[in-house]
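Starting off with a structure, shown below.
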Amino acid sequence: MEKLKASLPAASVVGVKNLKDGENISHFFKRFYDSDLSRDFGVYRLSLDVIRPLIQQHIIDHGLSSLFYSHMTCDAVMHPGFTTDEIEAVVIGIMSKLDGVRHLLIIDAYFYDDKPECLLLLERIVRSISSKLEKVTVITHGKRASMRPGMHNVFSTVTPGIQINDLVTEDFHDRYWIDIENIKGVMVGTSLNGIGKKIAMIDHANPADTREIIRLASVFL
């Protein structure tokens, strides 16, 4: 028993799967507590609400791809199963890892939007990364130019004196927020106006991909 205790953590999440038709989890607990095992071990059920914050924080710290052994094959992190508050917590949590950025590069064809909810979310994101922010370059396809002032105002309100550059090209499809100097990036599967509405991914970009995006974008900077 001492060897078992030394090799296992004090608490673990253990799965129970029914292998016999007609039985369910209640049968498992009854048979467990009828056995001698119940004298030495405690078994209990956990609500998903208990581990939800732990999973959320893991995604924020390490990205969704860290939950997979190889390349990410699923892009559904922001989906109807999350409440809006939970989605924003993940988005802002991951984006906040860019704090310390001086020159922020945003590549998003549909970035600009003047809806109040988009402006509010942008403000929360910018505040989370604004400690050293001096300059932001936004690359879009240029077709929402009339909506720029609202978002420009958010950047200027949070970080007075910030330099904002707008560049236009249709060469990029995916969406990135990148710290150019430190080669750190976040990939986002939807623009701010789509967060919480459709299935979309947000994750830390690996350094090699981030470096390549910076290289490709450098001709426009």
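The values are calculated or read from the model by the stated rules, or taken from the named source; none is laboratory data. Just so it is clear, the model here is predicted, and its values are computed rather than measured. A quick note on method: Cβ atoms are made from the backbone with ideal geometry, for glycine too, and the neighbour counts reach across all protein chains shown.
Which of the residues spanning the stretch 50-99 are modelled with pLDDT under 70 and acidic (Asp, Glu)? Break it down stepwise before answering.
Taking the stretch 50-99 first, the residues modelled with pLDDT under 70 are 50-51, 64-85.
Answer for the stretch 50-99, where residues must be modelled with pLDDT under 70 and acidic (Asp, Glu): Asp75, Asp85.
Additional query: List the number of the failed condition for Tyr33; all other conditions in (1) modelled with pLDDT of 70 or more; (2) within 19 Å of Leu192 (Cβ to Cβ) hold.
(2)
For a quick check of your reading of the model, give me the residue pairs whose first member lies in the stretch 199-221 and is under 16 Å from His103 (Cα atoms), whose second is modelled with pLDDT of 90 or more and hydroxyl-bearing (Ser, Thr, Tyr), with beta-carbon atoms closer than 7 Å and at least 6 apart or on different chains.
Correct list of pairs: Ile213/Tyr176; Phe220/Thr169; Leu221/Thr137.
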